[in-house]
Number of protein chains: 2
Amino acid sequence: MMTVSKIIGARRETLAGEVRSEIERWILAGELEPGQKLNEVALANVMGVSRGTVREAIRSLADSGLIVLVANRGAFVHQLTVDDICNLYDLRGAIFAMGCAAVARRMAGEWDEALIAALQKNLEDMRKAYDRDDRPAYYDLNIAFHDMILAGAQNPKAKGVYDGLVKEMHLFRRRGLSVSPNIAQSINEHANIVAAIAAGDSGAARRAATHHVESGLDRFLKTLSDGSTAEEHPKSDIARSN
Amino acid sequence: MMTVSKIIGARRETLAGEVRSEIERWILAGELEPGQKLNEVALANVMGVSRGTVREAIRSLADSGLIVLVANRGAFVHQLTVDDICNLYDLRGAIFAMGCAAVARRMAGEWDEALIAALQKNLEDMRKAYDRDDRPAYYDLNIAFHDMILAGAQNPKAKGVYDGLVKEMHLFRRRGLSVSPNIAQSINEHANIVAAIAAGDSGAARRAATHHVESGLDRFLKTLSDGSTAEEHPKSDIARSN
DNA sequence: TAAATGTTAAATGTTGACAAAATGAGGCAA
DNA sequence: TTGCCTCATTTTGTCAACATTTAACATTTA
């Protein structure tokens, strides 16, 4: 019987933890589609572990929001509605703004040259990516930018929630919906945030971040209303059972 | 063998869910102290269920932050450091501010007379409680105020995270630390928030909320530095294993 | 005496089996 | 045909037993 392929660099903590990571990867990679039902025995067989272990992994993922549980019916990959996405966007933005404020506040206390340098390098790399119209590079740099801020805020709990939200938002994919961000504007907004942080002005950092988040949501909603055709979004979280 | 006493009003969904609620209640009530180890067999015996069920409940609570898991060693009630509390305070405040902004935004769209009336009644009740120096009533009203805002924001995910944070913050209790809020100031800040919401000004609501949260944290830290004696706070999350 | 090592008891990690609930197919009557 | 009921099958919920790891104690040795 095939055993779960060697997990990357992670020394084994518990089997259930490995199974959890594996299922999470499948979900985020889209191999398990939103709305799809997770069959405990099937997963147990595929991964070569017992059902109880799979069960434990599924429960854990449910608490993180990637999976929805229904008593006596089972587990389903969370299917996000447009409303859900907007809510997640709001929440993620609020945490990001808090992170920016926290970094700025910390910077006002003791200067962290390394972080500022890293943020400015990120800005510079982004401008280069913009010049050569390199979208993939921009995406990665954008994620790195937000990660650096959250890590710099030195608030592990907030970073944990934030990362969870980012994962959950990955669940939302609409056929043919290509988000084309306004890279130039985004870079300017990032620059404003970095400036406020470097100035140690937490209020300004929060405002700049809030503005960045709001304009991002506006662009997203615009793309959505442009791209979405007659096809309506599902009202139920567990519409499709396979 | 004694079975778990009838859960209050909760119709039974799953046994593990009941066990989870029961353990959570014990933790929040302080019957299980921060740092204390949770023994699976002992809990299973006390509650009259199998160890696997207790295990499932514990894992679920761990994901919510009330419990810390250590592989092959077990589960411990999360013991918060002062830093943890500050981080939770920041995060909770950010979500609250977002909630205020969301409510105001919604109010600008379609007027919700019932919510405004409820908020103003809460303010009025708070003033009365202040006049007769009724602290317990103030506490309840304060919690109700924040709950109403979060519920009014119509962002279930945010409300879920917020409620989780509130529970987690309950874990922090210091011997002889009596938080004496500035009720008068707090009421004024609440009034500002309500006014911004009623005006449908999401930016003003966010600012008022942020200000409220920050001054609340300041008061808390002040109380902390006044009340804390030589006794130092634990650096490790799982210092005491019992 | 104190550090290191071997041994034992207890707790957690994992599994397979049984019980209860939900789904779906088939038959029967209107 | 349509609607409803019954029953078999599938799937989840719960439990008890086995395997592995950890922690504490006893023993040995420098």
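The values are calculated or read from the model by the stated rules, or taken from the named source; none is laboratory data. Bear in mind that the values here come from a model prediction, so they are computed numbers and not experimental data. With ideal geometry, Cβ positions are generated from the backbone for all residues, glycine too; neighbour counts draw on all protein chains shown. Keep in mind that these areas ignore ligands, DNA and RNA; they rest on the heavy atoms of the full protein, side chains included. Shrake-Rupley method; radii C 1.70, N 1.55, O 1.52, S 1.80 Å.
The magnitude of the dipole of chain B, with charges of +1 and -1 set on the Cβ of Lys/Arg and Asp/Glu and taken from the Cα centre, is near 520 debye.
Length gained on full extension, A:L28 to A:R219: 66.4 nm, using 0.36 nm per residue less the C-alpha separation. Taking region A:137-176 and a reference point 7 angstrom along Cα→Cβ of B:T81, the backbone N atoms nearer than 17 Å belong to A:151-160. Pick from A:T223, A:T14, A:T210: which residue has the top mean-square fluctuation in a GNM of chain A where Cα pairs under 10 Å get a spring? In the Gaussian network model the winner is A:T14. Measuring from each Cβ of chain A to the axis that turns chain A onto chain B, the shortest distance belongs to A:D63, 2 (residue, then whole Å).
Report the FRET efficiency, 1/(1 + (r/R0)^6), for B:L15 and B:K37, where r is their Cβ-Cβ distance and R0 is 22 Å, rounded to 0.05. Please list the in-between numbers first.
On the way: r = 23 Å, r/R0 = 1.04.
In this case the efficiency is close to 0.45.
Sorted shortest first, the distances from the B:W26 label point to those of the same residue in the other copies are 3.4 nm; each point sits 7 Å from Cα along Cα-to-Cβ. Computed with a 1.4 Å probe over protein heavy atoms only, the accessible area of B:I187 comes to about 10 Å².
Nearest 20 debye, what's the magnitude of the dipole of region A:15-77 about its Cα centre given +1 on Lys and Arg Cβ and -1 on Asp and Glu Cβ?
220
Comparing A:P136, A:P156, A:P181 in a Gaussian network model of chain A (Cα springs below 10 Å), the most mobile by mean-square fluctuation is A:P136. Ranking A:L221, A:A209, A:V46 by how far each Cα lies toward the positive end of the dipole of chain A (charges on Cβ) leaves A:V46 at the top. Summary value for region A:15-77: 41 percent relative contact order, contacts being C-alpha pairs under 8 angstrom separated by 6+ residues. Given a 1.4 Å probe and the protein chains as shown, A:S50 ends up with an accessible area of around 70 Å². Ordering A:G74, A:P34, A:A57 by Cα displacement along the dipole of region A:15-77 toward the positive end leaves A:G74 in first place; charges were set at the Cβ atoms of Lys, Arg (+1) and Asp, Glu (-1). If you run the Gaussian network model on chain B, springs between alpha carbon atoms under 10 Å, then out of B:Y162, B:Y89, B:Y130 the most flexible one is B:Y130. When you filter the trypsin sites (Lys or Arg not before Pro) in region B:91-159 for DSSP loop state and at most 15 other Cβ atoms inside 10 Å of their Cβ, you are left with B:R132. Each residue was assigned an accessible area with a 1.4 Å probe, and for A:M169 the value is about 30 Å².
Rounded to the nearest 20, the Cβ-based charge dipole of the protein assembly as shown about its Cα centre (Lys and Arg +1, Asp and Glu -1) stands at 1020 debye. Modelled this way, with points 7 Å down the Cα-to-C-beta line, the labels at B:S178 and B:V166 are 2.4 nm from one another. Calculated mean residue ellipticity, 222 nm, chain B: -22000 deg cm²/dmol, from DSSP H runs (n ≥ 4) at -39500 (n - 2.57) each, averaged per residue and rounded to 500. Comment: the Cα-to-Cβ extended label point of B:D163, at 7 Å, lies 2.6 nm from its counterparts in the other copies, nearest first. Extent of the protein assembly as shown along its three principal axes (Cα atoms, max minus min coordinate, largest first): 66, 57, 48 Å. Exposed loop sites are taken as GluC sites (Glu not before Pro) in a DSSP loop (any state but H, G, I, E or B) with at most 10 other beta carbon atoms within 10 Å; the longest stretch of chain B without one runs B:111-230.
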